[in-house]
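One structure is given here, and the rest of the page talks about it.
The values are calculated or read from the model by the stated rules, or taken from the named source; none is laboratory data. Computed from a prediction, not measured in an experiment: that's the story for all the values here. Neighbour counts are summed over all protein chains in view; Cβ atoms, including those assigned to glycine, are modelled from backbone coordinates with ideal geometry. Keep in mind that these areas ignore ligands, DNA and RNA; they rest on the heavy atoms of the full protein, side chains included. Shrake-Rupley method; radii C 1.70, N 1.55, O 1.52, S 1.80 Å.
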Amino acid sequence: MKKELSPELKAVEKYGSDRTCLIPILHEVQKEYRYLPEKALRNIASMLDISLVDVYGVATYFRSFSLEPKGKHTVTCCMGTACHVRNSPGVLEEAKRTLGIDAGETTEDMLFSLETVNCLGACALGPIMVVDGEYHGEVTPAKVKKIIGKVKHQEGRD
Ligand code: FES
């Protein structure tokens, strides 16, 4: 029977085993696991012939990497100044209420993670909320309920 290749091995095959390829490899591996498990980091360190400490250094430096398991869907609320003055705190409160978690947490069913960020570069359209990479502008608490409700509905969780 053919053995399935691990995501880290597939990523190294795709990008090569040069240490300069570490960041794209980490991104690729995180896409598969939705976070960076210790075992994968160890495998990457060994395949790229670099120390585990160096791999951890990069994995913890960039905010886009996570060492904790994440939900299937990521909801990100911008809390930068431009969004803040347009009621992003109200948007975040509604997202917390709708999901039943705090910012930085993941729902028990591993369906949603809620995150905050300080500016997404689309200030004119604030407040901004991003769900799985899709930007939603001029979001209100009522819109938050709708947007998250739609994803819950697609998952059969409403
Ligand atoms: S402050 Fe929210 S996009 Fe810039």
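Restricting attention to region 1-43, the residues that are over 20 Å from residue 64 (Cα atoms) and basic (Lys, Arg) total 4. The residue that is surrounded by the most Cβ atoms within 10 Å (Cβ to Cβ), counting only those in region 54-110 that are assigned to a strand (DSSP E or B) and not hydroxyl-bearing (Ser, Thr, Tyr), is 78.
In region 111-121, of all residues being of a type outside the set (Val, Ile, Thr) and either open to solvent by less than 30 Å² (accessible area, probe 1.4 Å) or within 12 Å of the chain's Cα centre (by Cα) (or both), the one that is farthest from the ligand (Cβ to nearest atom) corresponds to 111. When region 122-154 is limited to residues that are part of a loop (DSSP other than H, G, I, E, B) and open to solvent by less than 50 Å² (accessible area, probe 1.4 Å), the one that is nearest to residue 67 (Cα to Cα) turns out to be 128. Taking the residues in region 60-94 that are among the basic types (Lys, Arg) and within 25 Å of residue 155 (Cα to Cα) as candidates, determine which candidate is nearest to the ligand (Cβ to nearest atom). Among those residues, the one meeting the criterion is 70. State all residues of region 1-28 that are closer than 26 Å to residue 73 by Cβ and either touching a helix residue (DSSP H, G or I) at 6+ places or on another chain (Cβ under 9 Å) or open to solvent by less than 60 Å² (accessible area, probe 1.4 Å) (or both); if no residue qualifies, say none. Within region 1-28, 6, 7, 8, 10, 11, 14, 23, 24, 25, 26, 27, 28 qualify. Any residue that is farther than 24 Å from residue 65 by Cα, more than 16 Å from the ligand (Cβ to nearest atom) and without any contact (Cβ under 8 Å) to a residue 40 or more places away in the chain - is there at least one of those in region 95-105? Yes, region 95-105 contains at least one residue that is farther than 24 Å from residue 65 by Cα, more than 16 Å from the ligand (Cβ to nearest atom) and without any contact (Cβ under 8 Å) to a residue 40 or more places away in the chain.
Do we have residue 31 as open to solvent by 90 Å² or more (accessible area, probe 1.4 Å) and in a helix (DSSP H, G or I) here? It is true that residue 31 is open to solvent by 90 Å² or more (accessible area, probe 1.4 Å) and in a helix (DSSP H, G or I). Mind listing just one residue for me: the one in region 23-70 that is among the aliphatic types (A, V, I, L, M) and without any contact (Cβ under 8 Å) to a residue 24 or more places away in the chain and, of those, nearest to residue 7 (Cα to Cα)? Filtering region 23-70 for residues that are among the aliphatic types (A, V, I, L, M) and without any contact (Cβ under 8 Å) to a residue 24 or more places away in the chain, the one nearest to residue 7 (Cα to Cα) comes out as 29. Do we have residue 17 as closer than 19 Å to residue 130 by Cα and in a loop (DSSP other than H, G, I, E, B) here? Taking the combined requirement at face value, the residue does not satisfy it.
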